[in-house]
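Chemist: For reference, the structure I am asking about is given below.
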Amino acid sequence: MIQVQNLTHRYGDRTALSNVSFEVRTGEIFGLLGPNGGGKSTLFRILSTMMVPTAGRALIAGHDVVRDSAAVRRQVGVVFQTQSLDKALTVEENLRAQGHLHGLRGVVLNERMERAMERLGLADRRRDLVETLSGGLRRRVEIAKALLHKPQVLLMDEASTGLDPAARRDLSRHIESLRSGDGVTILLTTHILEEAGRCDRLVLLHQGNMVAEGTPAELRARIGGDVVVLQTADTALLASKIEQRFGVRPVVRDGEVRVEIANGHRFIAEVVEAFPGVIESVGLHKPTLEDVFVDQTGASIE
Amino acid sequence: MSNFFLAAATLWQRELVRFWRQKSRVLGVVASPLVFWLLIGYGSNDLARFYSGALVLTVMFSAIFSTISIIEDRREGFLLSMLVSPAPRSSMVLGKILGAATLAWVQGLIFLAFAPLAGVSIHLLELIPVAAAIFLISFTLTGLGFVIAWRMESTSGFHAIMNLLLVPMWMVSGSLFPMSTAHGWVKAIMWVNPLTYSIALLNHTLRFPNAAPGEMESLVVTAVFGLVLFLASGIMAAQKATHSAA
């Protein structure tokens, strides 16, 4: 449904996106995960036809986002990170104006609006001014707006940023029902691990480069076994000693030494034994997407 | 084609609804030129002389106020969804400019209600050319605002242009002193300043004596200036971005 081929974008000297390629299948929920400044927003702007890439190309439903942007715009619904609602208008007025921009009117538009408001639980707020709505509700209005023209693809930029956990769960429920109920393909950008974990497949972006691709489970499986996190006064020293003694490559980050290793519980016993009094605290967990990101880039997402 | 007008009409309507919901804006836009006019007019004992200038200032403030919102609106606002909709950019430009021009026009008409203070009495039939002239000036100044705002990254840049370009442009347009008494290079600037012709057009339709340049000339220059700005707005808005304006 979405094909990204060798996409590169530069802002002057700064490379924001470097030779990125991936494919999103029909009906997938696909995530672009990475820290702010990783290239997600640039990719989002290109796919939503707002910006022309420096090199490479992208196709949505078979249409080139640059040469055939009008066709792409008819197939794609866009949910912006920053709001694209008119706060001085009501929910209904915002939806109606959006419908008009897509050439919808009359009975057809009214039906679409009813359906969109109903499925996003906005029917009783239809006459409220957008400025009086909570962040979670506004985001739902954004989605309702993006769905009016029945797009095959929904692009969402940091859709859950700024929402409280309840609104976030609510949002992901709506996203899931769009996919299963309407077969909409969804591409979302996020730096929230929990949200990324719910995607079918993910691409990890770091400094404009694609560092990994796969399902959340596949990505986690790249790190065999466990992650052990050690706190100590001199992290660099401990890391080099561990490397010498155990033949593993620890990562030092945020004042911690992280070791990816099979049978972490045994390693903990050995490492504490080996360096008595040096280690201040020890943690053990199964790999998360954050660990995958750290493993691939040495940097952190959040 | 019908989609073109549907999109333009919905934007036009949006401008009006927004305006209606923030009625205090009218006060802000009309009040300062009114106070300015009354002070300078009573002070110099010549309200009539500064009337057209003050009316054009009202229209200019309104046009600036409406178009400055484009800068924020395209970063986080309704303009964003317009940019990714299949509606042609030209319909967006038309809707926005006509909407903002209508608001400027309405505020110009409110200012027109104070014409009797300047000793001008307008008969009902004479109202038509006056209202038409005010609309044309509103359209032109809105186009000017659009062209300035479209490329702007921040509203502070617009304020700088307003102070360095728009307000001086207004000062040497015949609003404060007529072209006939101006000297040297100021006179030359007045002659090339499109706003001079807007003020003159208004002076003609209000039947003020000694309005210069001539009526036809003023009408043509104002209309052509407006058309050029409108086309320029359309061309600028249709260009594809390679940087992040949003």
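The values are calculated or read from the model by the stated rules, or taken from the named source; none is laboratory data. Bear in mind that the values here come from a model prediction, so they are computed numbers and not experimental data. Note that each Cβ is placed from the backbone with ideal geometry, even for glycine, and that neighbours are counted across all protein chains shown.
Here's the yes/no breakdown for (1) buried (at least 21 other Cβ atoms within 10 Å of the Cβ); (2) within 11 Å of chain A (Cβ to nearest Cβ):
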residue	(1), (2)
B:18	no, yes
B:27	no, no
B:40	no, no
B:51	yes, no
B:58	yes, no
B:70	yes, no
B:76	no, yes
B:92	yes, yes
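Chemist: Among the numbered criteria (1) in a helix (DSSP H, G or I); (2) at pLDDT 85 or above; (3) within 30 Å of residue A:13 (Cα to Cα), which single criterion is violated by residue A:245?
Modeler: Just one mismatch for residue A:245, condition (3).
Yes/no per residue for (1) over 24 Å from residue A:16 (Cα atoms); (2) touching a residue at least 12 places away in the same chain (Cβ under 8 Å); (3) assigned by TED's automatic domain parsing to the domain that holds residue A:105; (4) in contact with a strand residue (DSSP E or B) (Cβ under 8 Å, 6 or more places away or on another chain):
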{"position": "A:143", "(1), (2), (3), (4)": "yes, yes, yes, yes"}
{"position": "A:160", "(1), (2), (3), (4)": "no, yes, yes, yes"}
{"position": "A:171", "(1), (2), (3), (4)": "yes, yes, yes, no"}
{"position": "A:174", "(1), (2), (3), (4)": "yes, yes, yes, no"}
{"position": "A:180", "(1), (2), (3), (4)": "yes, no, yes, no"}
{"position": "A:186", "(1), (2), (3), (4)": "no, yes, yes, yes"}
{"position": "A:208", "(1), (2), (3), (4)": "no, yes, yes, yes"}
{"position": "A:233", "(1), (2), (3), (4)": "yes, yes, no, yes"}
{"position": "A:239", "(1), (2), (3), (4)": "yes, yes, no, yes"}
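Chemist: From A:127, A:115, which residue is among the basic types (Lys, Arg), more than 14 Å from chain B (Cβ to nearest Cβ) and surrounded by fewer than 16 Cβ atoms within 10 Å (Cβ to Cβ)?
Modeler: Of A:127, A:115, the one residue that is among the basic types (Lys, Arg), more than 14 Å from chain B (Cβ to nearest Cβ) and surrounded by fewer than 16 Cβ atoms within 10 Å (Cβ to Cβ) is A:115.
Chemist: Of everything in the stretch B:188-246, what is within 14 Å of chain A (Cβ to nearest Cβ), outside any helix (DSSP H, G or I) and in contact (Cβ under 8 Å) with a residue 60 or more places away in the chain? Give them in sequence order.
Modeler: Step one: list which residues in the stretch B:188-246 are within 14 Å of chain A (Cβ to nearest Cβ), which gives B:237-246.
When the remaining residues are screened for being outside any helix (DSSP H, G or I), the result is B:239-246.
Matches in the stretch B:188-246: B:245, B:246.
Chemist: Follow-up question, since we're still on this one. Regarding residue A:194, is this residue charged (D, E, K, R) and either crowded, with 16+ Cβ neighbours inside 10 Å or at pLDDT below 85 (or both)?
Modeler: Against the criterion (charged (D, E, K, R) and either crowded, with 16+ Cβ neighbours inside 10 Å or at pLDDT below 85 (or both)), residue A:194 qualifies.
Chemist: Report yes if residue B:81 is in a helix (DSSP H, G or I), surrounded by 18 or more Cβ atoms within 10 Å (Cβ to Cβ) and within 10 Å of chain A (Cβ to nearest Cβ), otherwise no.
Modeler: Working: in a helix (DSSP H, G or I): yes; surrounded by 18 or more Cβ atoms within 10 Å (Cβ to Cβ): yes; within 10 Å of chain A (Cβ to nearest Cβ): yes.
So residue B:81 fits the description; yes.
Chemist: So for the stretch A:162-185 (the condition being modelled with pLDDT of 90 or more, within 21 Å of residue A:48 (Cβ to Cβ) and crowded, with 18+ Cβ neighbours inside 10 Å), does at least one residue qualify?
Modeler: Scanning the stretch A:162-185 turns up at least one residue that is modelled with pLDDT of 90 or more, within 21 Å of residue A:48 (Cβ to Cβ) and crowded, with 18+ Cβ neighbours inside 10 Å.
Chemist: Filter the stretch A:225-234 for residues that are in a strand (DSSP E or B) and at pLDDT below 85 and give the result.
Modeler: Restricting attention to the stretch A:225-234, the residues satisfying the condition of being in a strand (DSSP E or B) are A:226-232.
Hits for the stretch A:225-234: nothing passes.
Chemist: Just checking, which of A:41, A:18 is in contact with an Asp or Glu (Cβ under 9 Å, 6 or more places away or on another chain) and in contact (Cβ under 8 Å) with a residue 24 or more places away in the chain?
Modeler: Working: A:18 fails: in contact with an Asp or Glu (Cβ under 9 Å, 6 or more places away or on another chain).
So the residue among A:41, A:18 that is in contact with an Asp or Glu (Cβ under 9 Å, 6 or more places away or on another chain) and in contact (Cβ under 8 Å) with a residue 24 or more places away in the chain is A:41.
Chemist: Further question on the same structure: Being under 22 Å from residue B:81 (Cβ atoms), within 14 Å of chain B (Cβ to nearest Cβ) and surrounded by fewer than 24 Cβ atoms within 10 Å (Cβ to Cβ) is the filter here; which residues of the stretch A:1-41 pass it?
Modeler: A:41
Chemist: Kindly check whether there is at least one residue in the stretch A:50-57 that is crowded, with 17+ Cβ neighbours inside 10 Å, closer than 19 Å to residue A:19 by Cα and more than 10 Å from chain B (Cβ to nearest Cβ).
Modeler: Looking through the stretch A:50-57, at least one residue is crowded, with 17+ Cβ neighbours inside 10 Å, closer than 19 Å to residue A:19 by Cα and more than 10 Å from chain B (Cβ to nearest Cβ).
Chemist: Same structure again: Show the residue pairs that are 6+ apart or on different chains and have beta-carbon atoms under 6 Å apart, the first residue being within the stretch A:77-89 and without any contact (Cβ under 8 Å) to a residue 24 or more places away in the chain, the second being assigned to a loop (DSSP other than H, G, I, E, B).
Modeler: A:82/B:76
Chemist: While we're looking at this one, here's another question. For the list (1) out of contact with any Pro (no Cβ under 7 Å at 6 or more places or on another chain); (2) surrounded by 15 or more Cβ atoms within 10 Å (Cβ to Cβ); (3) touching a residue at least 40 places away in the same chain (Cβ under 8 Å), I need the number of the one condition that residue B:131 fails.
Modeler: Residue B:131 satisfies every listed condition except (3).
Chemist: If you take the residues of the stretch A:59-106 that are part of a strand (DSSP E or B) and surrounded by fewer than 23 Cβ atoms within 10 Å (Cβ to Cβ), which of them is nearest to the other protein chains (Cβ to nearest Cβ)?
Modeler: Just the residues of the stretch A:59-106 that are part of a strand (DSSP E or B), to begin with: A:59-60, A:63-64, A:76-79, A:90.
Pick out the ones that are also surrounded by fewer than 23 Cβ atoms within 10 Å (Cβ to Cβ) and you get A:59, A:63-64, A:90.
Working: A:59: 17, A:63: 12, A:64: 13, A:90: 9 Å.
Within the stretch A:59-106, the match that is nearest to the other protein chains (Cβ to nearest Cβ) is A:90.
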